[in-house]
Ligand SMILES: Nc1ncnc2c1ncn2[C@@H]1O[C@H](COP(=O)(O)OP(=O)(O)OP(=O)(O)O)[C@@H](O)[C@H]1O
Ligand SMILES: [Mg+2]
């Protein structure tokens with residue numbers, strides 16, 4: 001689907017939030033600056049993180065956690081761990097992402113495509129974002145939670 005403006009991305013995040021259930025793994029896929037953190041923010045707000053609570057990019061902190069009445073939310077960015085000497089799977093184990101998911105946290109992961117088994121197995125939703133212009137993105141949704149979006153194929157309306 002086409003996200004013509006950041007506001008469309010916010011709206012998609014709210015709709016994704018409504019489709020998620022405890023223990024869901026959401027992979028946010030796409031290159032640097034594609035909008036993964038932007039979308040994660042919208043999902044977290046949709047899950048009840050107050051609008052005035054800052055959702056910072058976990059680029060440096062690796063992982064941020066939020067708790068709302070609806071869910072525990074873990075937002076991780078594995079980019080900096082991909083070159084880790086210990087190996088990505090070991091680093092993910094250190095962060096405890098699989099356990100957090102098993103406990104029912106909704107886990108949103110940037111740069112996690114190469115570590116699905118360390119993240120506890122098949123993602124419930126994969127959102128791929130590709131820049132289509134200065135303010136536009138093409139989003140493709142896959143996985144069980146994508147059913148609510150007509151499969152999220154390009155061309156599907158938001
Ligand atoms: N339609 C859109 N949806 C989302 N972001 C958009 C859109 N149009 C422009 N942007 C801008 O693109 C940037 C996306 O940055 P963001 O930090 O979300 O990228 P990222 O995919 O998380 O990158 P990184 O891999 O570096 O973490 C933001 O500055 C945002 O305002
Ligand atoms: Mg990011």
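Assorted remarks:
- Within segment 85-103, residues that are more than 17 Å from residue 27 (Cα to Cα) sit with their Cβ atoms under 9 Å from residues that are surrounded by fewer than 12 Cβ atoms within 10 Å (Cβ to Cβ) and modelled with pLDDT under 95, at 6+ positions apart or across chains, in these pairs: 94/86.
- Residue match in segment 84-91 (condition: touching a strand residue (DSSP E or B) at 6+ places or on another chain (Cβ under 9 Å) and either closer than 24 Å to residue 144 by Cβ or away from ligand 2 (no atom under 16 Å from the Cβ) (or both)): no
- Enumeration of residues in segment 39-53 that are in contact with a strand residue (DSSP E or B) (Cβ under 8 Å, 6 or more places away or on another chain) and modelled with pLDDT under 95: 53
- Residues within segment 113-132 that are under 17 Å from residue 10 (Cα atoms) and surrounded by fewer than 17 Cβ atoms within 10 Å (Cβ to Cβ), tallied: 3
- Qualifying residue in segment 138-150 (condition: touching a strand residue (DSSP E or B) at 6+ places or on another chain (Cβ under 6 Å) and within 16 Å of ligand 2 (Cβ to nearest atom)): yes
Yes/no matrix, rows are residues, columns are (1) assigned to a helix (DSSP H, G or I); (2) away from ligand 1 (no atom under 13 Å from the Cβ); (3) at pLDDT 95 or above:
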{"site": "7", "(1), (2), (3)": "yes, no, yes"}
{"site": "27", "(1), (2), (3)": "no, no, yes"}
{"site": "37", "(1), (2), (3)": "yes, no, yes"}
{"site": "119", "(1), (2), (3)": "no, yes, yes"}
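- Looking across 28, 39, 32, 47, one residue alone is within 15 Å of residue 138 (Cα to Cα) and more than 12 Å from the chain's Cα centre (by Cα). It is 32.
- A count restricted to segment 54-73 and to residues that are in a loop (DSSP other than H, G, I, E, B) and either within 16 Å of ligand 1 (Cβ to nearest atom) or more than 24 Å from residue 111 (Cβ to Cβ) (or both) stands at 12.
- Filter result for residue 76 (more than 16 Å from residue 22 (Cα to Cα), within 16 Å of ligand 2 (Cβ to nearest atom), free of Cβ contacts under 8 Å to residues at least 60 places away in the same chain and part of a strand (DSSP E or B)): yes
- Selection count where residues are surrounded by fewer than 11 Cβ atoms within 10 Å (Cβ to Cβ) and in contact with a strand residue (DSSP E or B) (Cβ under 6 Å, 6 or more places away or on another chain), scope segment 54-69: 0
The values are calculated or read from the model by the stated rules, or taken from the named source; none is laboratory data. This one's a predicted model, so the numbers in the text were calculated from it and none came from an experiment. Counting neighbours? That spans all protein chains shown, and the Cβs are built from the backbone with ideal geometry, glycine included.
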